[in-house]
Amino acid sequence: MEYDHKKIESKWQKVWEETNSFKADIDREKKKYYVLEMFPYPSGKIHMGHVRNYAIGDVIARSKMRMGYNVIHPMGWDAFGLPAENAAIKNKIQPAKWTIDNINFMRNQLKKLGLSYDWTREIATCHPDYYKWCQWFFLKFYEKGLAYKKESFVNWCNSCNTVLANEQVEGGKCWRCESEVIQKKMMQWFFKITDYAEELLNDLEKLKEGWPERVLIMQRNWIGKSYGTEIEFPLKEAIKDEKGDLIKSIKVFTTRQDTLFGATFVSIAPEHPILPLLIKESKEEEKVKKFSESIIAERRSSQNIESKEKEGIFTGKYCINPVTGWEMPIYVANFVLMEYGTGAIMAVPAHDQRDFEFAKKYNIPIKVVITPKDNEIKAEEMTEAFIDEGILINSGEFSGMKSNEALEKIANYLEEKGIGKKTVNYKLRDWGISRQRYWGAPIPIIYCDRCGTVPVPEKDLPVVLPLDLKLKFVGDSPLKDSKEFLETKCPKCGGNAKRETDTMDTFVDSSWYFARFCSPRYEELPVKKEDMDYWMPVDQYIGGIEHAILHLLYARFFTKVMRDLGLINADEPFTSLLTQGMVIKDGAKMSKSKGNVVDPDELLEKYGADTVRTFCLFAAPPEKDLEWSDEGIEGASRFIIRLWRLVERTNTLCGSSEIKQIDKNKISKKAEKILRLVHRTINKVTTDIQKRYHFNTAIASIMEAINEISSLKDEEIKEDETLRDTFKFAVLTMVNLYWPIAPHVCEELWQLLGEKETLLNTPWPNYDSSLLEEEEITLVIQINGKVRSRINVPADADEEKIKELAFQNDKVKEYTNSKKIIKTIIVPKRLINIVVGK
């Protein structure tokens, strides 16, 4: 009988669908297990990265089912966003139709992979019954003071015509289209993630056992906690604000208050609100404005600021160093970020390399205040800043003190004098969620001339996105063109009012979808508390490292807010995180632009899902990049055919009758050897799949075992009944172990071997620990360090027995005959080295 992958895979997929095999319901008698891969954007077709990601999750889900867990394994669609809108504009169709068509096509592709999804829980974020709850969350955030609107400079992508969050700017470019990002001033809605900065940072400790260290480091650095001091630097001449009130000082944040006595100028960000007041009606005004605008227009991400040439412009104004009395020029500098600290820094050229370069360029004095213990530094001889710890000099009463000790002493001094205060700062900024695009969840806010900003009442949710707009590329939301959407009544006074036309960042949709999967049809709240109590948190989350500080940080933030709203008892959404590597071909990540894409549909048609799954899981460990190989996919296909033929051979030799109970004490030596191999393989595969997620070595172990089992000769199987039973048991067990990786063919082979129950409903095999040790082990024999022979010895043989067997070996006799044995060295379970004289 030929192996027909199309027929077999279609058969078993139909069985699973008709019997709702993977439907997850609460069962308090069982321990739950929630496995989830990051849901896809419905771009039109799945790619090999999807196939790999979902195959990894499926093996984990299927193996946990077989281990007796109550497994929830859902799938849905991250369906809002720019690509749908852009495609709709290009193809002159509505984004909703484009998106739903893509979802239908991709769902069918995923089903062809035989993935164990509970499709009854499917969600799509573009459906009103989903984004209604995104809007509900917005209202709750607004009530708690976690959602607010302000004018601010935003990251703007001209190509996408939208605002980007800081996390979506990579190397000064848009994370999606890689166009240059500029700064633009707009009114924007924000989520106050900074209120949770400390908890987001501290709770990373709870994730140490389950998350990759590099992800934890990335989040720690992004949150960026630093201890320092805010210091008031008096302005030489007070200035007036718009209300006519006097501003007498400028506030800086520093983590290096030990260098305060060496501060010789202050640098401010070009967006600093004090700047227009400093230069108002001065001769420098136009020049400083022009320079500042040029900086704002440039890329503004932390990845490139450090590498850019340090540039600045003098504002014409001075402030006073509060501990030295020096007049300090105030500069606008391209390396100062408004988002960090106060947007103003004290510059200490002698002890900060960036300030050193700037001071040299603009001829600003350099004052040394920290020096090595036995080697005083002179400013005029410096070629770079001295940034190490040392001894304070030229620092008043603190001179002679170690710099690390002076940090606390000077901070206390500043607080006592009322000059400054100790403070904690974070790099993390509030999350800008406004997007001036159409295809997203409308922000549920109404603007009334009489009542101001009014939230949409909960009873009026969802604020439905109109599906009949004519789309175009514009900087403002096309919702402004829809009179039916825009014009409404004020919920407070009943007067004429207008809706907010910004839509929400799509990361809002994906920041809580994992919770909605627990109760996807619940209509009273976003989630059902009893379902959340049972299923959450996600036990194993799987997705790309590129989401380390985008989606993952937002999901953690949302979970903490949901907890504070009484919706969930968990502090964190994902207990364990697996970040899979990319699929590489011809030395580069697969992408249409590089022309190195392999179409999963073509592979499924030619080889079948089990072959594709096997290759994706065998070619590399999950966390490593997978190098595409045509030979590798062919090899996976050959292995499945070899297994198929082995089962046919088994039925010919053993028949389809049930095997007898195998008694390890009453079988032949050859049968015992195979039995030990089987139990070692069960142990190895179980550990690799369940604990280490090293699916590649699990498959390798199955392959090695099948090779050894296949090497048995027909005659010896026919002549030895105990070997015959053990042979069939071995083949059954290999099919059993291979099932999470290649479920269709294994279910079919299981039936062909005479088993009545499906593998899905068969418990995972256990191993006998007494059979894990090999009965015999092979030792290399060296004579004077050179390999001369090998011998098999009992696994439990002591040194005397090993020596005895070694000296009986013909090669040993040949090389030691008539020679003096100087010593014999035994390396347990590896080798024996006999040192002989002449």
Check: Which one of THR762, THR733 is within 19 Å of SER63 (Cα to Cα) and free of Cβ contacts under 8 Å to residues at least 60 places away in the same chain?
Finding: THR733
Notebook entry, point to check: When you scan the stretch 576-604, how many residues do you find that are among the polar types (S, T, N, Q) and crowded, with 19+ Cβ neighbours inside 10 Å?
Noted result: 2
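For the stretch 29-64, give me each residue that is farther than 21 Å from ASP610 by Cα and not in a loop (DSSP other than H, G, I, E, B).
If the condition is that a residue be farther than 21 Å from ASP610 by Cα and not in a loop (DSSP other than H, G, I, E, B), then LYS32, TYR33, TYR34 are the ones that fit.
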Next item on the list: Restricting attention to the stretch 430-488, report how many residues are under 18 Å from PHE137 (Cβ atoms), among the polar types (S, T, N, Q) and modelled with pLDDT under 95.
Entry: 1
Checklist line | Number of positions in the stretch 44-57 that are over 18 Å from the mean Cα position of the chain (by Cα) and either of a type in the set (Phe, Trp, Tyr) or farther than 25 Å from TRP98 by Cα (or both) | finding: 0
Check: List pairs: first in the stretch 49-77 and closer than 29 Å to CYS126 by Cα and without any contact (Cβ under 8 Å) to a residue 60 or more places away in the chain, second open to solvent by 10 Å² or more (accessible area, probe 1.4 Å) and in a helix (DSSP H, G or I), Cβ under 6 Å, 6+ apart or cross-chain?
Finding: VAL71/LYS64; VAL71/MET65
Next item on the list: Only helices (runs of 4 or more DSSP H) wholly contained in the stretch 600-699 count here; list those with 1 or more residues that are over 18 Å from VAL731 (Cα atoms) and hydroxyl-bearing (Ser, Thr, Tyr).
Entry: 609-618, 630-654, 669-687
Note to self: Which condition from (1) touching a residue at least 24 places away in the same chain (Cβ under 8 Å); (2) assigned to a helix (DSSP H, G or I); (3) out of contact with any Gly (no Cβ under 9 Å at 6 or more places or on another chain); (4) farther than 15 Å from LEU646 by Cα is the one that LEU749 breaks?
What the structure shows: (4)
Check: Taking interchain pairs and intrachain pairs at least six residues apart, which have beta carbon atoms under 7 angstrom, with the first residue in the stretch 19-39 and open to solvent by less than 50 Å² (accessible area, probe 1.4 Å) and the second among the charged types (D, E, K, R)?
Finding: PHE22/ASP118; ALA24/ASP118; TYR33/LYS64; TYR33/ASP539; TYR34/ASP539; VAL35/LYS64; VAL35/ASP539; PHE39/ASP78
Next item on the list: Run ASP810 past the list (1) at pLDDT 90 or above; (2) open to solvent by 90 Å² or more (accessible area, probe 1.4 Å) and report the number of the one that doesn't hold.
Entry: (1)
Item checked: Candidate set: the stretch 265-280, residues that are closer than 19 Å to GLU232 by Cα and more than 43 Å from the chain's Cα centre (by Cα); chosen: the one least open to solvent (accessible area, probe 1.4 Å) -> LEU278
Item checked: Matching residues, the stretch 777-807, being within 23 Å of LYS838 (Cβ to Cβ), open to solvent by 30 Å² or more (accessible area, probe 1.4 Å), without any contact (Cβ under 8 Å) to a residue 40 or more places away in the chain and not β-branched (Val, Ile, Thr) -> LYS786, ARG788, LYS803, PHE807
Margin query: Being within 22 Å of the chain's Cα centre (by Cα), modelled with pLDDT of 85 or more and open to solvent by less than 10 Å² (accessible area, probe 1.4 Å): is that true of LEU200 here?
Written below: yes
Check: Of SER179, SER159, SER116, which residue is in contact (Cβ under 8 Å) with a residue 12 or more places away in the chain and open to solvent by less than 10 Å² (accessible area, probe 1.4 Å)?
Finding: SER116
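The values are calculated or read from the model by the stated rules, or taken from the named source; none is laboratory data. Predicted model, so just to flag it, every value in this text is computed and none were measured. Please note: Cβ atoms are built from the backbone with ideal geometry, for glycine as well, and neighbour counts cover all protein chains shown. Ligands, DNA and RNA are excluded from the accessible area calculation, which covers all protein heavy atoms including side chains. Shrake-Rupley method; radii C 1.70, N 1.55, O 1.52, S 1.80 Å.
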